[in-house]
Amino acid sequence: MSAQVINGKELVGSIREEIKADAAALAAKGNQPGLVVIIVGEDPASQVYVRNKAKSCDEVGIYSEVHALPASTTQDELIQLIHGFNRNDKIHGILVQSPLPKHIDEEAVVDEIDPAKDVDCFHPVNVGNLMIGKDGMKPCTPHGVIEILKRTGVQIAGKHAVVVGRSNIVGKPMAMLLLREHATVTVVHSRTPNMEEITKQADILVVAVGKAHLIGANHVKPGAVVIDVGMNRPENGKLTGDVDFEAVKEVASAITPVPGCVGPMTITMLLRNTVDAAARKAGVSVNV
């Protein structure tokens, strides 16, 4: 029996309605959430992402600004712009789109963002808070994965979750958020010699490595829930995930498609973080 294909569009739609209601409630009290997205250079994929983020902000009632800077922008000029938005009470979230030109140190730039406005959750303060379990910003993609699991009725507590990949953006924070939900977590990566043996133990398998079709049916325990974070564009130009979807759906109990699930959920969690940042600044509570 084929797996349930998780309906990302339906999940995203319901969560964005909640965000829209929270944003409207804040705006009614003079606290409209605001997000600024800064893009440096002419990377075509980044430009598409930025347009999608701005459009999504408009749809849920978040004020947004896009600042497109030339590739020749210096690191100091970028940091000075960030400092201005740190002081701007109209802005509750600051996002600097990756990748940045090679002459700009991305880590140094992130360090200059006010942690309270770091809606990507890349600042060391927010990463540290995530590690010790404090409330606050959650990284968008891992947060989105947790929402997918919860809202599709997947029990996380007590389950064995295996995360494939150890990046700072997805793999490591994904493990931390799964631990928060009381899963037993294993992380495998390129140096793991017996990856297939370990992934086949997973009740929940989250794959985030950026290698098309790395995970096949032989990697998956029958009945496992498989979340595919990967987004790859092979020579045929067709967007595909890290999981061999057609093969794995015959083994798993539930699986996310690529595209159409984790990607839109990531942007949705960016919106969620922005609204939550505005609520914290106003000292009020919203649905988190």
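General observations
- Computed with every protein chain present, the accessible area of residue 131 is close to 120 Å² [probe 1.4 Å].
- Rounded is the label for the range 158-269. Its Cα gyration tensor axes, ordered a ≥ b ≥ c, give a/c under 1.5.
- Lys pairs, the range 151-287 - Cα-Cα below 22 angstrom, 8 or more residues apart or on other chains: 14
- Separation in nanometres of the label points that stand 7 Å from Cα toward Cβ, at residue 189 and residue 246: 3.3
- Taking one quarter of the surface of the convex hull spanned by the alpha-carbon atoms of the chain gives a direction-averaged projected area of 14.9 nm².
- Share of carbon and sulfur in the accessible heavy-atom surface of the chain [1.4 Å probe, %]: 52
- In the chain, helices alone account for a calculated mean residue ellipticity at 222 nm of -12500 deg cm²/dmol, with every DSSP H run of four or more residues adding -39,500 (n - 2.57).
- Surrounding net charge for residue 15, when Lys and Arg each add one and Asp and Glu each subtract one, Cβ distance under 13 Å: -1
- Dipole magnitude of the range 47-110 about its Cα centre (Cβ charges: Lys, Arg +1; Asp, Glu -1), debye to nearest 20: 200
- If the segment from residue 74 to residue 111 were pulled out straight at 0.36 nm per residue, it would be longer than the present Cα-Cα gap by 11.7 nm.
- Residue 131-residue 5 FRET efficiency (beta carbon distance; Förster radius 35 Å; 0.05 resolution): 0.55
- Considering only alpha-carbon pairs that sit under 8 angstrom and 6 or more positions apart, the relative contact order computed for the range 53-137 is 22 percent.
- Averaged per residue, the range 1-151 has 49 square angstrom of accessible surface, using a 1.4 angstrom probe with ligands and nucleic acids left out.
- Charge dipole of the chain (Cα centre as origin; +1 on each Lys and Arg Cβ, -1 on each Asp and Glu Cβ, all else neutral): 600 debye, rounded to the nearest 20.
- Separation of the residue 155 and residue 87 label points, Cα + 7 Å toward Cβ, nm: 5.5
- Only Lys, Arg (+1) and Asp, Glu (-1) charged, at Cβ; the range 1-103 dipole about Cα centre in debye: 80
- Using C-alpha pairs below 8 Å separated by at least 6 residues, the relative contact order for the chain is 22 percent.
- When the residues 141, 274 are ordered by accessible surface, computed with a 1.4 Å probe over the protein chains alone, the sequence from largest down reads 141, 274.
- Estimated FRET transfer efficiency when R0 is 41 angstrom, pair residue 18-residue 197 (beta carbons, to 0.05): 0.55
- Rolling a 1.4 Å probe over the protein heavy atoms gives the range 160-288 an accessible area of 44 Å² per residue.
- DSSP beta bridge pairing in the chain, given as percent antiparallel to the nearest 5: 5
- Annotation note: GluC sites (Glu not before Pro) in the range 218-256 located in DSSP loop regions with a Cβ neighbour count of at most 15 within 10 Å are 235, 250.
- Residue-normalised convex hull volume from the C-alpha trace of the range 1-121: 131 Å³ per residue.
- Based on Cα contacts under 8 Å between residues 6+ apart, the range 95-195 shows a relative contact order of 20 percent.
- Net charge in the neighbourhood of residue 252 (other residues with Cβ under 13 Å of its Cβ; Lys, Arg +1, Asp, Glu -1) is -2.
The values are calculated or read from the model by the stated rules, or taken from the named source; none is laboratory data. The shown structure was predicted, so the numbers you read here are calculated from the model rather than taken from an experiment. Note: ideal-geometry Cβ built from the backbone for every residue, glycine included; neighbour counts use all protein chains shown. We work out accessible area using only protein heavy atoms, side chains counted, and drop any ligands, DNA or RNA first. Shrake-Rupley method; radii C 1.70, N 1.55, O 1.52, S 1.80 Å.
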